[in-house]
Amino acid sequence: MKREAVLTWAAILVLGSISAGLGWWLGHRTLLPAERPPPPGLTVLAVGDALPPLALPELDGGRMRSLSGPGRPRLINYWASWCGPCRKEMPVLDAYATEQGDNGVQVIGIALDTPAEARAFLREVPVGFTVLLETPGRGDSSVRLGNSRGILPYTVLVDAGGRLAKTHYGAFPDAAAVREWVRDQPGMNSNAR
């Protein structure tokens, strides 16, 4: 009887380990899709590269807003109305933007969405920072700024010189995580508390 119990427990442990390993592997395949090559002729920036001329319309008013060139450091966040993690992250980014005020890191949201869907989303999850609009696709600006996996939310940090400083896949859990991510970049002027 003891031998049967030992064999049963050994089988349970082996099958449990295999299941856990398979679950981990499948989870990473699902949560972190493989990189996709950019469309032919599309230049993808690397960290350290200067942003090329890039201007998008504001969601409210349609005025074109340039994201390129020197100026305040910019945290640019790509999101969409259908993205659950984006919904949870927006208040986090709004709190960080409020902390930064008019002299710190500027937060800019880019809705990869239709105007109607983006406006409906922002009625439910309002933010005080600037929101721009772009049609999603294989060659949208998130791809040009390194989003080779097509994951949202996707965030980039642009330094005061207008260069791509770093990128981040997924949602930030809180404003402290955003502050830490920005602070880890040398030379960033942040009003982080």
*Got at least one residue in the range 165-179 being open to solvent by 40 Å² or more (accessible area, probe 1.4 Å) and within 25 Å of P115 (Cβ to Cβ)?*
yes
*Out of all the residues in the range 88-105, is one or more buried (at least 16 other Cβ atoms within 10 Å of the Cβ) and among the basic types (K, R)?*
no
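Only one residue in P91, P39, P52 is within 17 Å of K166 (Cα to Cα) and either more than 16 Å from the chain's Cα centre (by Cα) or not in a loop (DSSP other than H, G, I, E, B) (or both). Which one?
On the way: P91 fails: within 17 Å of K166 (Cα to Cα); P39 fails: within 17 Å of K166 (Cα to Cα).
When all the criteria are applied, what remains is P52.
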*Does at least one position in the range 117-130 carry a residue that is in contact with a Lys or Arg (Cβ under 9 Å, 6 or more places away or on another chain), open to solvent by less than 30 Å² (accessible area, probe 1.4 Å), farther than 20 Å from P40 by Cα and part of a loop (DSSP other than H, G, I, E, B)?*
yes
_Cβ-Cβ distance below 7 Å, separation of 6 or more or different chains: which pairs start in the range 115-133 with a residue that is at negative phi and end on one that is of a type in the set (S, T, N, Q)?_
E117/S81; A118/S81; A120/S81; F121/S81; G128/T98
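The values are calculated or read from the model by the stated rules, or taken from the named source; none is laboratory data. A quick note: this is a predicted structure, and the numbers were derived from the prediction, not measured. Ideal geometry is used to build each Cβ from the backbone, glycine not excepted, and the neighbour counts take in all protein chains shown. Surface areas here come from the heavy atoms of the whole protein model, side chains and all, with no ligands, DNA or RNA. Shrake-Rupley method; radii C 1.70, N 1.55, O 1.52, S 1.80 Å.
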